[in-house]
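Down below is the structure, laid out as C-alpha cells.
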Amino acid sequence: MTGIMQGFPPPPDRQVTLANWREAPFSTWAFHHVREIVPSADIANDPARVRPLEPGPALDPAAVVLADAAGRSWTTGAFLEASATDALVVMRSGRIVFETYANGMDAGTPHILMSVSKSMLGLLAGILVDRGVLDTGLVADTVMPELRETAYRGATIRHLLDMRTGIAFDEDYDAMPEQMVAYRKASNWNPVEAGDPPSDLRSFYRVLTAADGAHGRGFHYVSPNTDLLALLFERLAGERYADLFARLLFQPAGAGRPAYVTVDRLGAARAAGGMCMTARDLARIGQLVVDGGRVDGEQVVPSAWIDDIASSADFDGWNAGGFAPMFPGATMHYRSKWYVRHDGGPLLFGVGVHGQNLFVDRARELVIVKFSSQARPLDPDMIDLTTRWVEACRSGYEARS
C-alpha cells in the first residue's frame, strides 16, 4: 500500500492511528513519526557538544554477501529490502563507512528503538551506580513500598537488569494475551476501550501479583521490568527519566539531534521500548561502548560496567530462557539489558521488535545500527538473516590486538 498519511486528510484506509501504528504497512510511516501518535517527553541534545561523524573508507555493500540457512546467496541490497530496512548505519573506528535510508527517512529522522531502548537504560544504570545513586543489590520494594503487594516483592535491581525476576508475565507479541494488552494500554500504546478505567504504568504493577518462580531464576524476558527500573531511577535521583538520560548519557555521547521517549498519561517513560532517536545518534552511543565509555577524554559510562556486560556470562541461565531458540547454536548471555554473543569474539547488541538492532564489536571497532519496519514483531527468518549479514560484515574486518 502506498500513500500512507498522504493527502489533506489522508484517505481513511491510509491513516495511521493508535490502533494500527505497529502494523504493516502503516509502520513504515509510524515508526519515524511516533510522537505524532503517542505522547512523548523530549530528550534534549547539546548543540555545543555534538560529536562529529566523519566518513571513513567506504564499505562496499557488494562485497558483503551472505548465505541463508538454505544456502541461498543474498546481496546486501536484497537483504535490506527483504528485512524492511528503514535505516542502516555502519561505523568503523568512529567513522561512517556505510549509510542508507528508506521510507522517507534521512540522517536527521528519529526512529523508534523498540527494545533497544532497554540497552540504553542498561548504560544509564551503570552511570547511576558509579555516581552512588543506584546499588544493584538494592531491593526494589525498599524504594517503592507499593511493590510489596506484587510479585516483585524481594526483587533486586540486578534481578530487574538481567531479566531474572519470577514474574508471571507472558510476553507473546502474536497472541497478545490480556495482560499484554493491559500493559500496552497503560503505556498509551493501545487505544482504551469504552468502560476501561484510567490506567498508567505505575498502577499497572498492581496487577502483577502472580509469581512463576523465584527471583534469580534463568533468563525470563519481562518488558515491565525495564519500565519499573525507570520509575526507580526517578525516585532515587529525583529527576524524570528523559532528563536523566539526556544529561548523563545522551548529551555527553555527543548526540547530534534531540530524541524523545513515549510516556503514559501521567508522564512515566516507556523505557522498555519507547525511545526514538536518529540512527547516527544510536551509532554514537554504540561508539561510546567501543571506546570504553569515554568521549573526548571524559568517562561517561564506567569502563568496568561495559566490561561486566561483556564478561559476566551465565550461559546456563540464558539457555534456560525463552529466547535461546531465536539464536540456535549460539553461545550467548544477557547482562544489564544487553545481549552478548561469544561466537567470533564478543558481540554486544540490543534487539527490538520489528527489526531494530544495535551491534557493537569492540575488538573490531565496529558499530552497526539497523532500523526496520518488519511486519512480524519477532521474525525468526529475519533475525537469522540479519545475524548472518552482521557476521559477514564482521568477517571483513580484523580484530585489534
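The values are calculated or read from the model by the stated rules, or taken from the named source; none is laboratory data. From a predicted model like this one, the values you see are computed outputs, not experimental measurements. FYI the Cβ positions are ideal-geometry reconstructions off the backbone, even for glycines, and counts take in every protein chain you see. The protein model used for the area step is the full one, side chains on, heavy atoms only, and it has no ligands, DNA or RNA in it. Shrake-Rupley method; radii C 1.70, N 1.55, O 1.52, S 1.80 Å.
For a modelled paramagnetic label at ALA320, 7 Å from Cα along Cα-to-Cβ, the residues of segment 216-260 in reach, with backbone nitrogen under 15 Å, are 216-221.
Surface exposure of the chain, expressed per residue as accessible area with a 1.4 Å probe, stands at 39 Å². Of the peptides 355-361, 124-130, the order by per-residue mean of other Cβ atoms within 10 Å, starting with the highest, comes out as 355-361, 124-130. On alpha carbon coordinates alone, what is the Rg over Rh value for the chain, Rh being the Kirkwood radius? Taking Rh as the inverse mean 1/r over Cα pairs, Rg/Rh reads 0.94. Which of SER115, SER336, SER199 moves most in a GNM of the chain, Cα contacts under 10 Å? It is SER199.
Each residue of segment 64-74 was assigned a 3J(HN,Hα) from its phi angle through the Karplus expression (A = 6.51, B = -1.76, C = 1.60, θ = phi - 60°), giving 9, 10, 10, 10, 7, 4, 8, x, 6, 7, 10 Hz with x at Gly and Pro.
Rank-order 132-139, 64-71 by packing density, defined as the average count of other C-beta atoms within 10 Å over each peptide's residues, highest first.
132-139, 64-71
Just to verify a number: FRET efficiency for LEU18 and ASP384, C-beta to C-beta distance, R0 = 25 Å, to 0.05? According to the calculation, E is roughly 0.20.
Between segment 343-384 and segment 73-93, how many Å separate their Cα centres? That distance is 11 Å.
A Förster radius of 45 Å, combined with the Cβ-Cβ distance separating ALA63 from ARG294, puts the computed FRET efficiency at roughly 0.90. Put a dot 7 Å past the Cα of ASP212, heading toward its Cβ, do the same for ALA175, and the two dots end up 0.9 nm apart. Annotation: amide H of VAL295 within the under-5 Å range of VAL300, sequence separation 5 or more or interchain, hydrogens built in the peptide plane. Each Lys or Arg adds one and each Asp or Glu subtracts one; over the other residues with Cβ under 15 Å from the Cβ of VAL50, this totals 0. Dividing the helix sum by the residues of the chain, where each DSSP H run of 4 or more adds -39500 (n - 2.57), gives a mean residue ellipticity at 222 nm of -7500 deg cm²/dmol.
For segment 1-103, run through the trypsin sites (Lys or Arg not before Pro) and keep only the ones in DSSP coil with at most 11 other Cβ atoms within 10 Å of their Cβ.
Listed in order of number, the matching sites are ARG72.
Restriction of the chymotrypsin sites (Phe, Trp or Tyr not before Pro) in segment 80-157 to DSSP coil positions whose beta-carbon has at most 13 other beta-carbons within 10 angstrom yields no sites. Amide H contacts for LEU66 (H built 1.01 Å from N in the peptide plane; partners 5 or more residues away or on another chain; cut-off under 5 Å): TRP74.
Applying Stokes-Einstein at 4 °C and 1.567 mPa s to the Kirkwood radius of segment 274-401, computed over alpha-carbon pairs, gives a translational diffusion coefficient of 85 µm² s⁻¹. When a 1.4 Å probe is rolled over the protein heavy atoms, the share of accessible surface on the chain that falls to carbon and sulfur comes to 50 percent.
Residues whose amide H lies under 5 Å from that of ILE96, counting only those 5 or more places away or on a different chain, are GLU54, GLY56; hydrogens are built 1.01 Å from N in the peptide plane. The string of couplings for segment 183-189 from the Karplus curve (6.51, -1.76, 1.60, θ = phi - 60°) is 4, 5, 5, 4, 8, 6, 8 Hz, one whole number per residue in order, with x for Gly and Pro.
Using the Cβ of TYR241 as centre and a radius below 10 Å, the other residues enclosed give a net charge of -2, where K and R count +1 and D and E count -1.
How would you rank 362-368, 210-216, 106-112, highest first, on the average number of other Cβ atoms within 10 Å across their residues?
The peptides rank, most packed first, as 362-368, 106-112, 210-216.
On full extension, the segment bounded by ALA107 and ARG257 gains 53.0 nm, given 0.36 nm per residue less the C-alpha separation. What the phi angles of segment 237-249 give under the Karplus curve with 6.51, -1.76 and 1.60, with θ = phi - 60°, is a coupling list of 8, x, 8, 5, 4, 4, 6, 4, 4, 4, 6, 9, 10 Hz, glycine and proline written as x.
Below 8 Å between Cα atoms, with a sequence gap of 6+, how large is the relative contact order for the chain in percent?
Dividing the mean separation by the residue count of the chain yields 24 percent.
Per residue, the average separation of C-alpha pairs within less than 8 Å and at least 6 apart gives segment 259-302 a relative contact order of 24 percent. For ALA330 and PHE8, the difference between the fully extended length at 0.36 nm per residue and the C-alpha to C-alpha distance is 110.9 nm. Relative contact order of segment 236-335, taken over Cα pairs closer than 8 Å and 6 or more residues apart, is 20 percent.
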